[in-house]
1. Sequence-distant or interchain residues sharing an amide H contact under 5 Å with residue B:18, placed H: which?
2. Using a 10 angstrom cutoff on alpha carbons, build the Gaussian network for chain A and name the most mobile of A:129, A:78, A:70.
3. Can you compute the charge dipole magnitude of region A:24-151 about its Cα centre, using +1 on each Lys and Arg Cβ and -1 on each Asp and Glu Cβ, nothing else charged? Give it in debye, rounded to the nearest 20.
4. Run the simple label-point estimate for residue B:28 and residue B:16 please: 7 Å along Cα→C-beta, distance reported in nm.
5. For residue A:69 and residue B:118, what does the FRET efficiency come to when R0 = 35 Å and r is the distance between their Cβ atoms, rounded to the nearest 0.05?
6. Simple spin-label model, 7 Å along Cα-to-Cβ: residue B:83 to residue A:147 in nm?
Amino acid sequence: MTFYPKKTADVRMIHYTLSSDATIAHNGKIIFNSSSASSSGSNVSFDGSGNLTLDEKCSYYMILSPDVVRNLPLSSNRYIDISMYDSSGNQLLPNTGASNVEFRATTANFSNFSLIVTLKNPNQTYSFRYTNSNSNSATLKTGTHLMIMEFY
Amino acid sequence: MSFMPNTSPVFMYTNNTSFTVAKNATSYLPSDLNSLYENETSYDSSSNSLESSKCVCNFDFWGSNTKANDTLTQHKILNQSSVEVVGRNTSPYKGTANRVEDNIANVGTSLTLSFYRDSTASEGVVTIAQNRAFFAGVSLK
């Protein structure tokens, strides 16, 4: 006898942002330290170093909308990237669960793109990192938002 | 007696091979797709559509263009109610070292994903590399 559970899922919504604008170094982790609204019962949390803990029993759909101001000098040949990484330092790519966003324009503001994440039964901690091909730091603005849907 | 694990509603598909977006034509994703999470939903490569009971889908790509000022390459999601979401054309990407990227979303039960290049687009070739076009989302019953 085989039981197939009804394909439904309850969902919790979690939102993270930054309490104030912050400088982020090349290869630095985004420190989410403010949450405006979250459903009760979630086991999602960030520590003070930007490490994200998820519930292994759940599935996740996330949208990260970064708001970054690049520092001078600006050049199309100097690009910045924001990606998700696992605890082993591996960058997640679409075939492993997450897109990245890369920005090569000569303008300073970077807020046009979104990073999409899908994870099922995650068993690691994760982080969102900023990298700059010129190793420059940037200013991470409070317009940066992470929306998390937790299915359980 | 066996118990199936609870089914997750999230999904993500990516292109397993690179492909080009033709000028003056609508192009679709190649039929060879990676499915990160099996059995969550289905993509019909004959109709080029994502089939689901209820679905919210993001369609994103990251490609290269041999003409950085090509202004007439767009990507779209059309749903079963003829609601079409169209991404930015590549004009905002002038000076971006020929990289193009965008992210759009739509909702529905049948979502058709496509690229379109106008007849007056420049002659440059738009190439979407392996795993750089993806559509991801949540499918619920």
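The numbers here are math on the coordinates, done by the rules we state, and not lab data. Worth saying up front: this structure is predicted, and the values here are computed from it rather than measured. So basically every Cβ, Gly included, is an ideal-geometry build from the backbone, and we count neighbours across all protein chains shown.
1. Answer set, sorted by chain and number: B:130.
2. A:78
3. Dipole about the Cα centre, nearest 20: 340 debye.
4. Going by the 7 Å Cα→Cβ label model, 1.7 nm.
5. 0.55
6. 1.4 nm
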